[in-house]
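Visitor: The structure is given below, and queries will be raised subsequently.
Please treat every number below as a calculation from the coordinates, not as lab data. Note that the structure is a prediction, hence the values are computed from the model and not measured. Neighbour counts are summed over all protein chains in view; Cβ atoms, including those assigned to glycine, are modelled from backbone coordinates with ideal geometry.
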Amino acid sequence: MPMCGIVGYVGAGSPSDRPQGVVMGGLERLEYRGYDSAGIAIVTPDETRLAVAKKAGKLVNLAKEIAERPLPVGTAAIGHTRWATHGSPTDANAHPHLAAGGRIAIIHNGIIENYAALRDELRGKGVEFVSETDTEVAGHLLADEVDSGKPLAEAMRAVARRLEGAFTLLAVDAREPHVVVGTRRNSPLVVGLGENENFLGSDVVAFIEHTRTALELGQDEVVEITPEAVVVTDLDGSPVERAPYEVTWDASAAQKGGFDTFMEKEIHEGPTAVADTLRGRMDANGRLQLDEGIVAPEVLATIDKIIVIACGTASYAGLVAKYAIEHWCRIPVEVEYSHEFRYRDPVVGPRTLVVAISQSGETMDTIMAMRHAQQQGAPVVAIVNVQGSTIAREADAVLYTRAGPEIAVASTKALLAQITAAYLLGIYLADLRGNKFPDEIAALLRELDAMPAKVQLVLDTSEPVRELARELADTKIVLFLGRHVGYPVALEGALKLKELAYIHAEGFAAGELKHGPIALVEEGVPIIIVLPSPRGRESLHAKVVSNIQEVRARGARTIVIAEEGDEQAAQYASHVFYVPEAPTLMMPLLTAVPMHVFAHELATVQGRDVDQPRNLAKSVTVE
Ligand code: AGP
């Protein structure tokens, strides 16, 4: 299923080049969502057909096409960038797809599961297909409905009722020059409310330079935007009331702000992401304020298990939180990959608190796992970064990470914000259930409050990490070791190197080394080890020091991330990077940062596309 960038625009008055400008600008900011092809359709004064341009490859190819063959002025437009899985990325498979002889255009994010049967039905009526996509089927169905006399919005409702699967659809008809229609199911679509103009986008980044007033669409709703109005209905045509909200990000936030890559900018936004996630979260007497919805305190008081569902980096935030929440709340915490959770017939019930962690809030694996948990009666708290995203909307309660837009595919500041939010949840539970006295709660909050400044210190002293990355630019393997909360950090370090520098990196629990992985160690193999504080539980530090000795004895290049003042670290390390002193449970907020800096720098010196690594997209809205 493609995970796409979608933009729609309609404006008042006579035709202009504003529709094209708004849509192309929006696609540029959405390109991280997927980039195998791009296209645009413009509603022009010619009521018989639309003006369309579409090209395989990155958005720049479409821009070149338009420069060579300029598009006419218009009153409305829809645009699309695609990350393909069905149908190779070719010009023919690029969206928009046309129907009614080029009078109707449709763009789509998602997968129409019953498209084959629908295509056969259409073929039976003599419809010719020019692409191998499911989207084209929806386009011809729409044309049939319009040709039977329905206005575009009503036609879209009729089509959506026939589709199965997950989809965001936008469509325009040359005969309705001031209308764009959209619908969604299990796939994102938000409305931007302007002055005599309105917008649609797969997320708010598409239009926030024009308006920050947004409207989220619910499941199976159809929206018709004209310059004067936004009409939302359900699939039967009954009006639906949707409350607008203000998007707190501004257009500049979604730019690179002076850094070379979004990822570098976002690594440097880590301190702010932690501080903003903490901000205003505790009322005067230290009680947590959940953002939206609420899981009743009496429910939280009775839970006897917590299951975290997440994927990738978000799952490592969950793993870190497991150590803290189990320690504070004395409740078992399981951390499950969302895609495994649903299929293992998990033991879940009303006394299981499920915590869904997701930066995008659109990860289909996590959406489906959340729904499975809710079907079993479990309350779900979501820790999500994108306002109004599907997971945020469907969870029982939401604790937003306030990391701001994370554009780079590799998640960095969101990880720090996710750990912070998960800690706030753990502290809230410990307080509510009486596991911790008020003074202990206050102490934990003070420790958290001190972390943004310490993260900043790590950033300020990270040049040696970049130097080492440049030295290791040609390495073919890097191993990562960690113990206790350092273990998820080791996994995160390995994941970043895989997804950015395409190096086969691997993270292990340090204690696991002698059970097999140590066979990988030979002369010169770089091993990055997260060393627990010597001030913490003595045994942890001593054991990891002996792990460092073991691998060093076999020729490994030992790169140690240690706490300021830890003399022993330097004894056995080829390189030591110090992070400020912090309580053991707070350390991942610091030790994850060198992992991000290291991977970013190594991928950069290798000339990789750091913000948009190959084969990956920012939001994995496929199952
Ligand atoms: C992290 O750098 C990766 N981009 C990926 O593992 C990501 O964390 C995962 O796909 C989960 O995404 P989410 O947080 O948006 O759900």
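Visitor: In the chain, if the dipole is taken from +1 on Lys/Arg beta carbons and -1 on Asp/Glu beta carbons about the Cα centre, which of Thr313, Thr233, Leu399 is farthest to the positive end?
Guide: So the residue furthest toward the plus end is Thr313.
Visitor: Applying 1/(1 + (r/R0)^6) with R0 = 30 Å to the Cβ-Cβ distance of Glu467 and Lys58, what FRET efficiency is obtained, to the nearest 0.05? Numbers along the way, then the final one.
Guide: Numbers: r = 32 Å, r/R0 = 1.06.
Efficiency computed from Cβ-Cβ geometry: 0.40.
Visitor: By its C-alpha gyration tensor, with a ≥ b ≥ c as the square roots of the eigenvalues, how is the chain shaped: rounded for a/c under 1.5, else prolate for a/b larger than b/c, else oblate?
Guide: Details: a/c = 2.16, a/b = 1.69, b/c = 1.28.
Judged from the Cα gyration tensor, the chain comes out prolate (a/c at least 1.5, a/b above b/c).
Visitor: Between Glu623 and Arg279, what length comes free when the chain is fully extended (0.36 nm per residue of separation minus the Cα-Cα distance, one decimal in nm)?
Guide: Between Glu623 and Arg279, full extension yields an extra 120.4 nm.
Visitor: Which of rounded, prolate, oblate describes the stretch 289-360, given a ≥ b ≥ c as roots of the alpha-carbon gyration tensor eigenvalues and a/c under 1.5 marking rounded, otherwise prolate only if a/b is larger than b/c? Write down the numbers at each step before the final one.
Guide: Details: a/c = 1.38, a/b = 1.28, b/c = 1.08.
Rounded, because the longest to shortest axis ratio a/c is under 1.5.
Visitor: Going 7 Å from the Cα of Tyr245 toward and past its Cβ, which residues in the stretch 166-183 have a backbone nitrogen under 13 Å from where you end up?
Guide: Correct set: none at all.
Visitor: Regarding the stretch 429-470, what is the average projected area of its C-alpha convex hull, in nm²?
Guide: Values: hull surface 16.5 nm².
The directionally averaged projection comes out at 4.1 nm².
Visitor: For a test of the definition: using alpha carbon positions, the gyration tensor, and the 1.5 limit on a/c, classify the stretch 515-602 as rounded, prolate or oblate.
Guide: Details: a/c = 1.85, a/b = 1.26, b/c = 1.47.
In terms of gyration-tensor shape, oblate.
Visitor: I would also like to ask the following. Which of Phe508, Thr135, Val205 sits closest to the plus end of the dipole of the chain, meaning its Cα is farthest towards the positive end, when Lys and Arg get +1 and Asp and Glu get -1 on the C-beta?
Guide: Phe508
Visitor: So, by mean Cβ neighbours within 10 angstrom, what's the order for 179-191, 466-478, 326-338 with the highest one leading?
Guide: Details: 179-191: 25.5, 466-478: 15.8, 326-338: 18.2.
Ranking, from highest mean packing down: 179-191, 326-338, 466-478.
Visitor: Which of the peptides 528-537, 156-165, 195-204 is most tightly packed, and how do the rest follow, judged by the mean count of other Cβ atoms within 10 Å per residue? Intermediate values should be presented prior to the final figure.
Guide: Values: 528-537: 22.6, 156-165: 19.6, 195-204: 24.3.
Most protected by this proxy first, the peptides run 195-204, 528-537, 156-165.
Visitor: Something else: Which of the pairs Lys413/Lys476; Lys413/Lys454; Lys322/Lys413 have their Cα atoms more than 24 Å apart in this structure? Could you put the intermediate results ahead of the total?
Guide: Values: Lys413/Lys476 27 Å; Lys413/Lys454 14 Å; Lys322/Lys413 19 Å.
Over 24 Å Cα-Cα: Lys413/Lys476.
Visitor: Out of the GluC sites (Glu not before Pro) in the stretch 90-155, which ones are loop residues according to DSSP with at most 16 other C-beta atoms within 10 Å? Walk me through the intermediate numbers first.
Guide: Working: sites: Glu113, Glu121, Glu128, Glu132, Glu136, Glu145, Glu154; in loops: Glu113, Glu128, Glu132.
Answer by residue number: Glu113, Glu128, Glu132.
Visitor: Roughly how many debye, to the nearest 20, is the charge dipole of the stretch 1-156 about its Cα centre, given +1 on each Lys and Arg Cβ, -1 on each Asp and Glu Cβ, and no other charges?
Guide: Details: 15 positive and 20 negative charges, 91 e Å.
Charge dipole of the stretch 1-156: 440 debye, to the nearest 20.
Visitor: Out of the DSSP beta bridges found with both residues in the chain, what percent are antiparallel (nearest 5)? All intermediate terms of the calculation are to be shown ahead of the outcome.
Guide: On the way: 65 of 101 bridges.
Close to 65 percent.
Visitor: Further question: Enumerate the calculated ³J(HN,Hα) couplings along the stretch 576-583 in order (Karplus 6.51 cos²θ - 1.76 cosθ + 1.60, θ = phi - 60°), each rounded to whole Hz, writing x wherever the residue is Gly or Pro.
Guide: Once rounded to whole Hz, the list reads 10, 10, 8, 10, x, 4, 6, x.
Visitor: Run the Debye formula on the Cα coordinates of the stretch 352-486, all scatterers equal and no solvent, and tell me log10 I(q)/I(0) at q = 0.14 1/Å.
Guide: -0.85
Visitor: Near Lys55, which aspartates and glutamates are there with a Cα under 17 Å away, not counting those fewer than 8 places off in the same chain?
Guide: In chain and number order, the partners are Glu28, Glu31, Asp36, Glu65, Glu68, Asp91, Glu132, Glu136.
Visitor: For the chain, calculate the relative contact order in percent as a whole number, restricting contacts to Cα pairs under 8 Å that are 6 or more residues apart. Numbers along the way, then the final one.
Guide: Values: 1483 pairs, mean separation 72.0, N = 623.
Contact order relative to length: 12 percent.
Visitor: Moving to a separate point now. Determine the gain in length on full extension of the stretch Glu68-Glu522; use 0.36 nm per residue of separation and subtract their C-alpha separation, reporting nm with one decimal. Kindly include the intermediate steps, with their values, before the conclusion.
Guide: On the way: separation 454, 0.36 × 454 = 163.44 nm, distance 5.57 nm.
Contour length minus the Cα-Cα distance gives 157.9 nm.
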